[in-house]
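The next block holds one structure in the form of structure tokens; read it before the comments.
The values are calculated or read from the model by the stated rules, or taken from the named source; none is laboratory data. Just so it is clear, the structure is predicted and the values come from calculations on it, not from any experiment. When we count neighbours, we look across all protein chains shown, and the Cβ atoms used for this are built from the backbone with ideal geometry, even at glycine.
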């Protein structure tokens, strides 16, 4: 009887340890699965955030490109319209002022600033700039440089 009880006790121990090992293996497997699911979920969140961020920047890029296209079209289309519809259409006084300016620039190039020009012509510098812009459509420095180049071209032709 002792042997049968001992055998039953030993068999019960084996079954208990077998069940315990199974539970441990099962908990390790579940824990590992939960860990990897958490890691993968974190990677998916990061990837999802990056995709949303990429889509956001793609939309922003598209908006910027549309604005750039509109600006290019608007500026190309309306430069001539702005000049034609400019409220500062040249009047005869402005035209006479620009003629005097041209004469002074072509005959005496010993000036350095547009203040010298406005002092020689006895007029405010802003008024002079507005008159040049209204008559020629160019800024005062651009107009002066163009006239200087024309004078230099004439002097080169004379020297040949």
If you scan region 144-160, which residues turn out to be closer than 20 Å to residue 116 by Cα and without any contact (Cβ under 8 Å) to a residue 40 or more places away in the chain? 144, 145, 146, 149
Could you go through region 143-152 and let me know if any residue there is at pLDDT below 80 and out of contact with any strand residue (DSSP E or B) (no Cβ under 6 Å at 6 or more places or on another chain). no
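For (1) touching a strand residue (DSSP E or B) at 6+ places or on another chain (Cβ under 9 Å); (2) within 30 Å of residue 147 (Cβ to Cβ); (3) at pLDDT 90 or above, each residue gets a yes or a no:
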| site | (1), (2), (3) |
| --- | --- |
| 5 | no, no, no |
| 30 | no, no, yes |
| 62 | no, no, no |
| 66 | no, no, no |
| 94 | no, yes, no |
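Quick grid of which residues meet (1) over 20 Å from residue 150 (Cβ atoms); (2) outside the structural domain of residue 151 (by TED's automatic domain parsing); (3) modelled with pLDDT under 75; (4) surrounded by 12 or more Cβ atoms within 10 Å (Cβ to Cβ):
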| residue | (1), (2), (3), (4) |
| --- | --- |
| 97 | no, no, no, yes |
| 102 | no, no, no, yes |
| 105 | no, no, no, yes |
| 108 | no, no, yes, no |
| 120 | no, no, no, yes |
| 125 | yes, no, no, yes |
| 133 | no, no, no, yes |
| 136 | no, no, no, yes |
